[in-house]
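Asker: Take this structure first; my questions come after.
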Amino acid sequence: MKPSLIDTDILSYFFKRYPTVVEHFAAYSQQYDTINLSIITYYEIVSGLKRKDASSKLDRFIQFAAQNTVLPLSEEAATHAADQYATLCRQGKPLDDIDLLITGIALANNLTLVTRNTKHFERVKGLTLADWSQH
């Protein structure tokens, strides 16, 4: 199993205890010390929980993030995202900025992007995808 970057949707399923996702997390954790998530996913989850005023879930997530790896948006990641933006716009198949930044972080760190939204992200050239909500 290649090192992975967990997208927001899969992380949400993990916290909802979706059995297949939990099984994949357990298998991944046997091989790797920490789970990788992007600062973009961190923002999406924290902002969503704050909007809902879900303080206990927010505390749980922040504790989870502190025990794992939150990858920053580096210049290299931003460049990958910008390259993909230009390519996809020329093809008439753009992605939103948040998703492009997540793909940039995955590409810059040579990580598989784990997402339920593989159809959405398969447009990004060179990006390896996995869906942990499936067996």
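Asker: If we scan segment 104-117, do we find a residue that is touching a Gly at 6+ places or on another chain (Cβ under 8 Å) and of a type outside the set (Ser, Thr, Tyr)? Walk me through how you get there before you give the answer.
Answerer: Residues of segment 104-117 touching a Gly at 6+ places or on another chain (Cβ under 8 Å): 107.
Filter once more, so that each one left must be of a type outside the set (Ser, Thr, Tyr): 107.
Checked against the condition, which is being touching a Gly at 6+ places or on another chain (Cβ under 8 Å) and of a type outside the set (Ser, Thr, Tyr), segment 104-117 yields at least one hit.
Asker: While we're here: Evaluate the following for Ile105: is it surrounded by fewer than 16 Cβ atoms within 10 Å (Cβ to Cβ) and within 12 Å of the chain's Cα centre (by Cα)?
Answerer: It is false that Ile105 is surrounded by fewer than 16 Cβ atoms within 10 Å (Cβ to Cβ) and within 12 Å of the chain's Cα centre (by Cα).
Asker: Does Gln134 meet the test of being loosely packed, with under 14 Cβ neighbours inside 10 Å, closer than 22 Å to Pro19 by Cα and modelled with pLDDT of 95 or more?
Answerer: no
Asker: Turning to a different aspect of this structure: List every residue pair whose Cβ atoms sit under 6 Å apart, with the two residues 6 or more apart in sequence or on different chains, where the first one lies in segment 23-35 and is in contact (Cβ under 8 Å) with a residue 40 or more places away in the chain and the second, anywhere, is not in a helix (DSSP H, G or I).
Answerer: Note: pairs meeting the criteria are His24/Trp132.
Asker: Please go through (1) crowded, with 17+ Cβ neighbours inside 10 Å; (2) assigned to a loop (DSSP other than H, G, I, E, B); (3) among the acidic types (Asp, Glu) for Asp99 and return the number of the only condition it doesn't satisfy.
Answerer: (2)
Asker: In the set Ala81, Ala77, which member is in contact with a Gly (Cβ under 7 Å, 6 or more places away or on another chain), touching a residue at least 12 places away in the same chain (Cβ under 8 Å) and under 23 Å from Tyr32 (Cα atoms)?
Answerer: Ala77
Asker: A follow-up question, please. Check Ser74 against each of (1) of a type in the set (Ser, Thr, Tyr); (2) under 27 Å from Arg17 (Cβ atoms); (3) loosely packed, with under 15 Cβ neighbours inside 10 Å and name the one condition it does not meet.
Answerer: It is condition (2) that Ser74 fails.
Asker: Residues that are closer than 23 Å to Thr118 by Cβ and in contact with a helix residue (DSSP H, G or I) (Cβ under 7 Å, 6 or more places away or on another chain): which helices (runs of 4 or more DSSP H) entirely in segment 1-73 hold 2 or more of them?
Answerer: Fully inside segment 1-73 and qualifying: 8-15, 19-31, 39-51.
Asker: Among the residues of segment 77-118, which ones are among the hydroxyl-bearing types (Ser, Thr, Tyr) and farther than 30 Å from Glu23 by Cα?
Answerer: Thr79, Tyr85, Thr87
Asker: For segment 96-121, which residues satisfy the criterion of being more than 19 Å from Ile45 (Cβ to Cβ) and at pLDDT below 95?
Answerer: Answer for segment 96-121, where residues must be more than 19 Å from Ile45 (Cβ to Cβ) and at pLDDT below 95: Thr118, Lys119.
The values are calculated or read from the model by the stated rules, or taken from the named source; none is laboratory data. Just so you know, these numbers come straight off a predicted model, no measurement behind them. Note: ideal-geometry Cβ built from the backbone for every residue, glycine included; neighbour counts use all protein chains shown.
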